[in-house]
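S.K.: I'd like to ask some things about the structure below.
The values are calculated or read from the model by the stated rules, or taken from the named source; none is laboratory data. Predicted model, so just to flag it, every value in this text is computed and none were measured. Virtual Cβ from ideal backbone geometry, glycine too; neighbours counted across all protein chains shown. The accessibility values were calculated without ligands, DNA or RNA, using every heavy atom of the protein model including side chains. Shrake-Rupley method; radii C 1.70, N 1.55, O 1.52, S 1.80 Å.
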Amino acid sequence: MAKSNINQSLLQFAPMQSSVDEGFWHKFSSFKLNKLGIDDSPIPITGFYAPCSHPRVSNYLTLLAESLPSESSEASLIPEPSHGNRNRCSVPGILYNTNTVESFTALDIQNLLKKEAKKIWDDIQSGRAVEDCSVLSRFLVISFADLKKWSFHYWFAFPALMLDPPATLVNLSPASQWLSIEEAESLSAACNEWRGSKSTADIPFFLVTIDPNSRATVRLLKDWEACQSDDHKILFGFYDPCHLPNNPGWPLRNLLALISSKWNLKSVQFFCYRENRGFADMSLSLVGEALITVPQGCKDAMPNAVGWELNNKGKKGPRRISLAQSMDPTRLAVSAADLNLKLMRWRALPSLDLSALSSLKCLLLGAGTLGCQVARMLMAWGVRKITLVDNGKVAMSNPLRQSLYTLDNCLNGGEFKATAAVESLKRIFPAVEAEGIVMAIPMPGHPVPSQDQDSVIDDCRRLHDLIDSHDAVFLLTDTRESRWLPTLLCANANKITMTAALGFESFLVMRHGAGPFSSAGDLSAETANSSSSDSCGKDANGKHRLGCYFCNDVVAPTDSTSNRTLDQQCTVTRPGLAPIASALAVELLVGILHHPQGIFAEADINNSVSGASENPLGILPHQIRGSLSQFSQMSLIGYSSSSCTACCPTVVSEYRNRGMEFILEAINHPTYLEDVTGLTELMKSATKFSLDWDKEIDNEDEDEDCFEI
């Protein structure tokens, strides 16, 4: 055989190099946000490397998305490496991730390295390293993930046990020179067979025996005892990721420590296996001989360890990668928007249901001062599906108070608010699924000419379909009568309905109760009319049904827009009122979504304790009334009225039975709703009662005729 003799010198190894795929950082970010939170416990990971496959390029130990444990795995945080892949030898590793950059820089790196090196040493002593040789290449990573900036600080270490004194190199040659032609051909074939078998392809350390007939065999390390023969050459082989012609790769260091400790060999012939185009290449592979000296009494002592990787500047220190530039801006926006919500779940609200919020479909009726604020608040809570309905145009006075508009939206007569608001939402958050619909809402007290009836009926049907296709509806219009039809349709469909209304210095925010037939399905008008007021006022859980926006009124909604002065034509409120009311309305909706009873949840008041225990977000009031002049706020409860012009069983039954005919009659005849619900008779009785009361006052002596109201 031919050899290239080299004077004995210290055996020098080419350091292992690392590579991290972007997919690893993406999955790790998701893993931290969705599972780890602020838990900084070590995370088992898997690295992958393969033999060098190019004469000028070394292979790296690589981290991929699958290097991390599965997020859905509750039983174990240990990743499941794939086996039998010739291009990826699985190597166990550990990830220490810190929550702050200060903690990252304060890590005791020498202690961490020593801790991992001891695991390798213990595996050598116990014999595990012979059974599962991948543990000889154990590695560790320390990191800090700045998820606000999508920046990652990280540092690899490949613990290597240092022989003391160091091993000396006797000779090192290409395998094609060290071996005879027959031996080289046989070894090449044996290696290709080893690499082609699923059971051995990814085993990175092995034995090579060559018999007197130049026949090479590749075997497992645990077959060492069976390989002992005076006439066989034995080489200790390993998958060498290094391409350098004069240096073996880093994995040889721990293999020599194993050989020295386990088999007490003084001279070791090693085989650095390398490939070209996926097949064994004896001209790239190296064979060498090393001499090992172990001082007496030191065989069982753990050697010192080295292994921290140099950074891109060739210095000992961490690396940093930023993915912000390479990521899609929309994806970045989604991640950043969800970050605050996931942080909330880490810190205080583990039961926060982000999927319920992201899948929620919200319909906003009104895209003015309240509509703009509510849309922004919904997006902040993670709601992604928003529809705005409005038929107005952006006026010069709007942008200062209506946060989704600018001066450009006012020019040339103004853009429609619904479409301008949607464009603004998409500029703020490109991932929002927003739609703007320009449509007027038919209103009682605003008679419809016969030639316009078809158009109004189309609007009614369209509104019905919109409410039917959404999960929650916000009533944010600026007139009382414009809220009547949506309230009726929501009561009919049993939709979560939120109302926000403003005065000059006061506001009302409320959630409507469940519809009157939410538990009984469609009822005929006769059945509904014959029901007692007690039974009609109960919801599906047998509790008093909460009222709607109209339940406290004793008159039907009528035209409030005609014959109004300038101050009455504009919504005149203190500027701080709309943001407060909008925020409360959205917070109230989120509370409903997280309450176990949802729309049927009972109302809580300020000093309620039971409600806070049921709902992780606190109490769930029915109405919130506030005053800026007093800087006060109170929670009130109002139950449904059997004479409500919008949600009582009689009105809902009339709508179900007569449909658009009923709505047109309510729109065209101001007193129709009062007649249907009995409010007309109630007012007559009240007037009569007042007259009788006056008569009784004149006769102060007849106390026996007085009665209590």
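S.K.: In the range 294-321, which residues are polar (S, T, N, Q) and either modelled with pLDDT of 90 or more or within 23 Å of K119 (Cα to Cα) (or both)?
M.R.: Listed by number, the residues that qualify are N304, N311.
S.K.: Failed condition for K417, given (1) charged (D, E, K, R); (2) under 30 Å from L95 (Cα atoms); (3) open to solvent by less than 30 Å² (accessible area, probe 1.4 Å), with all others met?
M.R.: Evaluating K417 over (1) charged (D, E, K, R); (2) under 30 Å from L95 (Cα atoms); (3) open to solvent by less than 30 Å² (accessible area, probe 1.4 Å) leaves (2) as the failure.
S.K.: Out of N412, N391, I need the residue that is touching a strand residue (DSSP E or B) at 6+ places or on another chain (Cβ under 9 Å), surrounded by fewer than 16 Cβ atoms within 10 Å (Cβ to Cβ) and either in the same structural domain as V572 (by the TED database) or free of Cβ contacts under 8 Å to residues at least 60 places away in the same chain (or both). Which one?
M.R.: Exactly one of N412, N391 is touching a strand residue (DSSP E or B) at 6+ places or on another chain (Cβ under 9 Å), surrounded by fewer than 16 Cβ atoms within 10 Å (Cβ to Cβ) and either in the same structural domain as V572 (by the TED database) or free of Cβ contacts under 8 Å to residues at least 60 places away in the same chain (or both), namely N391.
S.K.: Condition test on L341, is it open to solvent by less than 30 Å² (accessible area, probe 1.4 Å) and either part of a helix (DSSP H, G or I) or charged (D, E, K, R) (or both)?
M.R.: Spelling it out, L341 is indeed open to solvent by less than 30 Å² (accessible area, probe 1.4 Å) and either part of a helix (DSSP H, G or I) or charged (D, E, K, R) (or both).
S.K.: Also, quick follow-up: Whether any residue in the range 465-473 is more than 22 Å from V676 (Cβ to Cβ), in the same structural domain as G368 (by the TED database), open to solvent by less than 10 Å² (accessible area, probe 1.4 Å) and under 40 Å from the mean Cα position of the chain (by Cα) is what I want to check.
M.R.: For the range 465-473, residues more than 22 Å from V676 (Cβ to Cβ), in the same structural domain as G368 (by the TED database), open to solvent by less than 10 Å² (accessible area, probe 1.4 Å) and under 40 Å from the mean Cα position of the chain (by Cα): present.
S.K.: Could you check how many residues of the range 176-223 are crowded, with 16+ Cβ neighbours inside 10 Å, more than 23 Å from R86 (Cα to Cα) and without any contact (Cβ under 8 Å) to a residue 40 or more places away in the chain?
M.R.: Final tally of qualifying residues: 2.
S.K.: Where in the range 628-684 are the helices (runs of 4 or more DSSP H), entirely inside, with at least 3 residues that are assigned by the TED database to the domain that holds R483, out of contact with any Pro (no Cβ under 9 Å at 6 or more places or on another chain) and touching a residue at least 40 places away in the same chain (Cβ under 8 Å)?
M.R.: Hits in the range 628-684: 649-658.
S.K.: Would you say R427 is under 30 Å from D353 (Cβ atoms), among the basic types (K, R), assigned by the TED database to the domain that holds P579 and surrounded by fewer than 18 Cβ atoms within 10 Å (Cβ to Cβ)?
M.R.: yes
S.K.: Further, regarding this structure: Might you let me know whether the range 368-377 holds any residue that is within 20 Å of the chain's Cα centre (by Cα), farther than 30 Å from I457 by Cα and not aliphatic (A, V, I, L, M)?
M.R.: Checked against the condition, which is being within 20 Å of the chain's Cα centre (by Cα), farther than 30 Å from I457 by Cα and not aliphatic (A, V, I, L, M), the range 368-377 yields at least one hit.
S.K.: Next question. State whether one or more residues within the range 174-181 are part of a loop (DSSP other than H, G, I, E, B) and over 21 Å from N247 (Cα atoms).
M.R.: Yes: one or more hits.
S.K.: Which of the following residues is closer than 29 Å to N246 by Cβ, in contact with a Pro (Cβ under 6 Å, 6 or more places away or on another chain) and in contact (Cβ under 8 Å) with a residue 60 or more places away in the chain: A160, A117?
M.R.: From the options A160, A117, the qualifying one is A117.
S.K.: Kindly list the number of the only condition in (1) modelled with pLDDT of 95 or more; (2) on the phi > 0 side of the Ramachandran plot that fails for W150.
M.R.: All conditions are met except number (1).
S.K.: Would you point out the residue of the range 489-508, among those that are in a helix (DSSP H, G or I) and open to solvent by 20 Å² or more (accessible area, probe 1.4 Å), that is farthest from L360 (Cα to Cα)?
M.R.: The residue in question is N492.
S.K.: Follow-up. In this structure, does D459 turn out to be within 29 Å of G598 (Cα to Cα) and free of Cβ contacts under 8 Å to residues at least 24 places away in the same chain?
M.R.: Answer is no for this residue.
S.K.: Separate question: When the range 182-228 is examined, which residues are found to be part of a strand (DSSP E or B), within 28 Å of G47 (Cβ to Cβ) and of a type in the set (V, I, T)?
M.R.: Within the range 182-228, V208, V218 meet the criteria.
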